[in-house]
Structures are given as C-alpha cells and as structure tokens.
1. What's the number of the only condition in (1) within 24 Å of the chain's Cα centre (by Cα); (2) in a loop (DSSP other than H, G, I, E, B) that Arg260 fails to meet?
2. I need every pair where a residue in segment 703-714 that is over 25 Å from Val511 (Cα atoms) and in contact (Cβ under 8 Å) with a residue 12 or more places away in the chain has its Cβ under 7 Å from the Cβ of a residue that is more than 12 Å from the ligand (Cβ to nearest atom) and part of a loop (DSSP other than H, G, I, E, B), sequence separation at least 6 or different chains.
3. With the condition kept exactly as written, say whether any residue in segment 458-466 is of a type outside the set (D, E, K, R), away from the ligand (no atom under 16 Å from the Cβ) and in contact with a helix residue (DSSP H, G or I) (Cβ under 8 Å, 6 or more places away or on another chain).
4. Identify, from the list Gln207, Gln218, the residue that is touching a residue at least 12 places away in the same chain (Cβ under 8 Å) and either at positive phi or not in a helix (DSSP H, G or I) (or both).
5. Could you tell me which numbered condition Phe566 fails, if it satisfies all but one of (1) out of contact with any Cys (no Cβ under 7 Å at 6 or more places or on another chain); (2) buried (at least 24 other Cβ atoms within 10 Å of the Cβ); (3) within 30 Å of Gly650 (Cβ to Cβ)?
6. Hey, could you check segment 595-629 for residues that are crowded, with 24+ Cβ neighbours inside 10 Å and assigned to a loop (DSSP other than H, G, I, E, B) and say which is farthest from the chain's Cα centre (by Cα)?
7. Can you report the number of residues in segment 121-137 which are within 18 Å of Thr56 (Cα to Cα) and among the hydroxyl-bearing types (Ser, Thr, Tyr)?
8. Do you know which of the residues in segment 277-306 that are touching a strand residue (DSSP E or B) at 6+ places or on another chain (Cβ under 7 Å) and in a loop (DSSP other than H, G, I, E, B) is surrounded by the most Cβ atoms within 10 Å (Cβ to Cβ)?
Amino acid sequence: MSTLPDSALSVLGRPQARIEGPLKVSGRAMYTADVELPDLLHAVPVCSTIASGRLTSLDLAAAEAMPGVHAVLHRGNVGPFYRIAGNEIDVGYVDEARPPFEDDVIRYYGQYIALVIADTFEAASAAAAAVKAGYDTAPHDVRDALQPDDAPTVESERGDAGSAFERAPVKLDATYVTPTETHNPIELHASVAHWDGDSYTFYETTQSIATHHGTLAQMLGMPKEKVRVISHYLGSGFGGKLWVWPHTLLAAAATRLTGRPVKLVVSRRMMFQNVGHRPVTQQRVRLSAERDGRLTSLRHDYLNHTSIADKYQESCGEVTPVLYSTPNLRVSSALARRHVGSPTSMRGPGAVPGLYAIESAMNELAYELGIDPVELRLRNEPGVDESTGLPFSSRHLVECLQTGAERFGWSQRSREIGSMRRDGSTLGWGVGVCAWPGLRFSAAADVDLRADGSARIVCGTQDIGTGTYTILAQLVAEETGIPLERIEVRLGDSALPRGPVSGGSAATASVVPAVLDAVRAAVKTVLSRAATVEESPFRGADADSLAFSRARVHRKSETPESGIPFERIMAMARMYAASGSGSAHGGFDDPLKKRYSIFSYGAHFAEITWQPEIAQLRVSRVVTVIDGGRILNPRAGRNQIEGAIVMGIGMALFEHTVYDERSGAPINSNLADYIVASTADTPELDVTFLDYPDTVFNETGARGIGEIGLAGIAAAITDAVHHATGVRVRRLPVMIEDLLSPRTAV
Ligand code: MOS
C-alpha cells in the first residue's frame, strides 16, 4: 500500500483537471432543470404581493380555464405536510420550518400562495399570472437598521472586556453594517418530483441529498425507503441549496395530486424571496490596546435580521475568539425580526460578515496607533486558542501574513493617505485576515476493485461544482495506483451509502477517512485471495506480507514490477469485484474539538486604484495566502479561492439586496440590478497555499477551502479605499457617493 501523504507517485496534491469536466463543457451533464421524464408537467408558484397580513381570497376561475392547466394547488387542496422534529443535519434540517400553505398568514413578500400545474411552463406561467388574490394587509417592517428583539446572548467571554476597555490608553469603538446579500448561483433552484403511487423520486438542486432525503421523508410523512433524492450536478449553491425550501414540497404535492412527474424551476426573482439570503448584520466592535499594539480587550456585539417565523442566526462571532491574543474578550449576539423570507447560510456564514467587522476594526486601530497593520496582527498572535486553552491542530497565520506581504511588496507601502500613485491614479493598499473552522461530518463509501482492472467508488454525497468527483477518484488512485481514468465515481443519489453535506467546507475532510477505509478493505480482500487462490504465485504467503501498488499485487519486500496486475488475481479467484466499505464519524459535536482548536487561516492583500476625476474605483491586485491544511487538488483548490475573492470584490463593492420599504419586496431581484462581480471587475489573482498537512484532523491533512477565501477580503478592500481616499466605509457595499463627499461614511 502506498503511504500517505508523501509518495513519489502521489495523485493527491497534483493539480488535477476535473474528471467530469468534459461532460460539463460539452453540455452532457444533466442538471435538475434539464431532467425530462415521460408525461412531465410543469408547475409555477403564485407569490404574495404583500409582505404582511392574511390571504383572504383566491380567485382561480380564469387560471383554471386556461388551456393546458391541470390544477391549481392552494391551502384547501394541497394535502398534508408535516413539520420536522428538530434541526439536525443527519436527520432533517430546514431554515423555513413552516410548510407551504400551512396557514393563511403572509409573513414576507413573495411567499407562495398557490401553485399552477400545466402541460408547459408557458401555460403554467400565464395561468399563475391570472390568479387573483385578496388580502387583509398588516404593517410590515423590512428596515435595514436593527434593534435587538431580545436581550443579547453572550457567546464567548474571558476576563473583563468592559473595564479593560475603560482603562486602556488607545481605544476604538465602531459599528459595521453588512447588507442583505442574495445567493446567485448560475443554476436556479429546481425540483423534478415523481410520485409513482408508492414512492417519491426527487431530482433536486441540493448541497445535501442526505439531508433532503431525511427532511422530505419527514415533511411528506413517508418512510425513508420510499423517498429517493438524486442530484448528479449542481451549478453551485453557495449555501442557498443546503436545505429543503418550500418549492420542493410544492413539487411533491403537485406530483402527489396528478400522479405525473412535475418540474418546478424557481425563477431568478423568487431566488431573492423564497430560498434564503445572507441577512443584514450590524456589528459593534470595541478594541483597546497598549501603545505598543498589544490588545487589552476585544468586544464584538452583533445582531442580524431574521424572518418573522424562524430564528436564523448569522454567527458573526464564530472565529472572533480564536483570532487574536487578548486577556479580555466578549462576543454577544441578538436577532431582529423582519418581514423577509428566512435567511440561510451563504458562503462563509458568520465569519464572512464577522471578519469584515473585526478586520476593519484592526485596520482602524493600526492606523490610530501608527503601527503597520500587518505588524499589529503579528504582535497579537496567540500561542493557543485563548477561548478554550486548547492547542491549535495546525495554525500558520503568521506565515500567511509574512508570505503575503512579501509577494505583494507590502514593505513599499507608505502610510500616508493618498500618498501612493501610479499612472495618474491614487493607489490604496489594505490587508485582512481570514479564518474558518475545520469541520467534518459523518460519511460512508463503498469501493469495488473490478475484474477488468478498474475501480468504482460510490458515496451519497454530491459535487456542487467544487471537485468532489475528482477528489474521490484521486483518493482511490493514490491508494491503489489504478489510473484516474479507470476509476468510476458515482455520487448524488440517496440510494448510495450516506455521504456528507457539501457545506461548511467539510465535504472533503469528511469523505477522506471513509474512502480510505473502503479502499483498504477492498485491497485487503484482493491480497487475502492472492495468498490463497490456487494459481496465485503468492499462494501460501502471509497476506500481510503482500502489497497493492501501481495496481499490482506484489511482495512488500519487492518492487511492484515483480508482482502481477491485480486483475490477474481477480481472474484466478473468478471474482467480479473485491468490495470494501468504509465509514467515518463527525459532526458539530466532534470529540476531536475537545482536544484541539481546528481552523483554517489566511491573509488577503488588496490594491485599489482610485481616479476621483472620473469617480472610478477598481480592485487592481489581490494577493492571498491560505493555510487550509494539505491541498489535495491545487487546481480545484485555487479555483475555490479565486471564486471566493471574486465574490469578495462583489461583497465589498456591489452586492446589496434592497427591500422596498413600501411594498416589502426585494426590488433589485434580477441580475441586471443586483450586481455581482464579473471578470471585468477582477484583476489577476495571486493565490498561494501554504500546504501544511493537518494530520490531527485526518490522515491526508486536508481541512477545507470552499468558504474561507470570502472572509477578510472586504476588509482588505475597504482598508485600501481608506488608504487611497481617507474615507472609512463602515457600511457595505462601498458606494462611489461615499468617496465623493469629504465626510466619513457610516
Ligand atoms: Mo456553505 S454556506 O455551508 O454551503
């Protein structure tokens, strides 16, 4: 067996193109909305046009009379839905707990009030527009400015931050605001549901077929074996596709009623209303320090909006307690209810807005102190996780900062505002640190080593566009020496052994131990047959003295070339496949977290150019260094970090879902008015992985890199804006108007 993590033949750590890439670029990969089934019907929801009140009437006559319309679902005929018992990722999880049509109360603009089922999408759309609703309207509140509904909850505390702040010679007290942001993956949410009289099959856009499976069984009142969830490819999710949303239940009700498969594709407008968003956050940060920059206290009090019916918390303070050394710290949270759809996880939930606030405050403090902002962070590097006293499993934040500073040329930064220029533009340079917890969830996988010399690996996880197919093939290739192109990977079906959610940046670290277990069990079977089967040259040998490498069976004491291809052993044993199963445990209560503090870290350095004459602000350079453990596929990994930086440019400069205070509607609910960063907004990105294996976490040393890159980048950009213009923007996104007036924007 090859030895992880360092082998001369290593497939892990190689920049490997995605094995499913050809299917995607040739249009052959089937996404949910591409699924066609015989007798397929199409469903289009009708959305409420008020944000608060009651639905008093539905006039369906015109809609029902339109050609091609089969039925209109509403509260009176939708059939039963159940609520789930509690939120557990392994059992069932939703952010919007109320099933669709459960009552006649309207709690947000766009809430589904009816569903038209028709022969074609066009017929269903036309009929949905013909449904007339009557309402009793009540006052709504969608204001961005937040007051806590209840007393704040203290989440982390050490020492006495209040009195340390009072006594300190240098203080900063600032409030930072991040807006509602909406997930805009290219692929719309969709569900194709099919009830065959006995069982449901769902083709779903989901980051967790396993959680969808459990949730749908509970909410539809079905045994789990009567529900199957399939998701072979996803056009990204960014957290918006983690959990079941009401449209999937409506698709289920539609197929339940008609007995025909039903396709429901959520529109881009509905993506802003009905399937989650990152909530508004308002974060007050108080820092105090000695004149030499050592922090004496850190206080982080934040609140976020949530919906009327659900308590979604944006955990802005999750990484705050581990970031810097300080004897006195306090983190608290609170919620404020608004008439909006439920918020949900959006890439780097919590830490992303949280680190915009904390890192902005650190940059402001550095400026006050006259200390270089990189140096300020180095002076506050902790030796252990001071929130728990636990050792870090692997932390290289100092090296991230130093390597990044060097690659960026940070030592050339002149401190004075507006003092750096290039080609007629003012330059601004800024820095921000990122962090994200190392997470892993339970996983199971099966591996077959087959008679034709190929291998097959199956796991009920999914590839959301990040490279999971490829990582699984790499793990099998690494362990067996079977070439990648001879390894078949099957994912995305709840009928397969249960796999992890593709969320929390946890999928890779979760599947690694399960896959390695499974492949080793299969290898062991081959070796034991090699030691016993009649014609085998190894007959009579101790199976433990044999090895499996370069797809060959050989004596450990000799080279792979001295042995024979494993398929010869399979033929001698008349076997079709040697199968192995593996599993691994994890979760938010992972016992390893009682012994180690496990986080990924990184640093961003951003350069902006500012041309006040034409009011043009551009991000012109980003250097990022990430300490994410061992990177199993640097090509897919770089793609994750680069994508996150592009999203971070959007967060800093563009993204903002605007609720119209009169109607309560998110009004920029399309890709023309909701601006995401595009290639034209993105400079060359310089991404470096430190690549220190975190072998405490798993054998390969991989942690997870899907989310961390979005944290800290907005703080680096707004600090660069300050460096160029002198304006501190504490409310995202940066507006050009902020920079044209002489005041400090708040
Ligand atoms: Mo991530 S926001 O857990 O998909």
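1. (1)
2. Ala714/Leu732
3. Yes, that holds for at least one residue.
4. None of the other options fit; the residue is Gln207.
5. The number of the failed condition is (3).
6. Among those residues, the one meeting the criterion is Ile598.
7. 2
8. By that ranking, first place goes to Pro279.
The values are calculated or read from the model by the stated rules, or taken from the named source; none is laboratory data. Keep in mind that this is a model prediction, so the values were computed, not measured. Because the Cβ atoms are built from the backbone with ideal geometry, glycine has one as well, and the counts that use them run over all protein chains shown. Heads up: the accessible areas ignore ligands, DNA and RNA and are worked out on the full protein's heavy atoms, side chains in. Shrake-Rupley method; radii C 1.70, N 1.55, O 1.52, S 1.80 Å.
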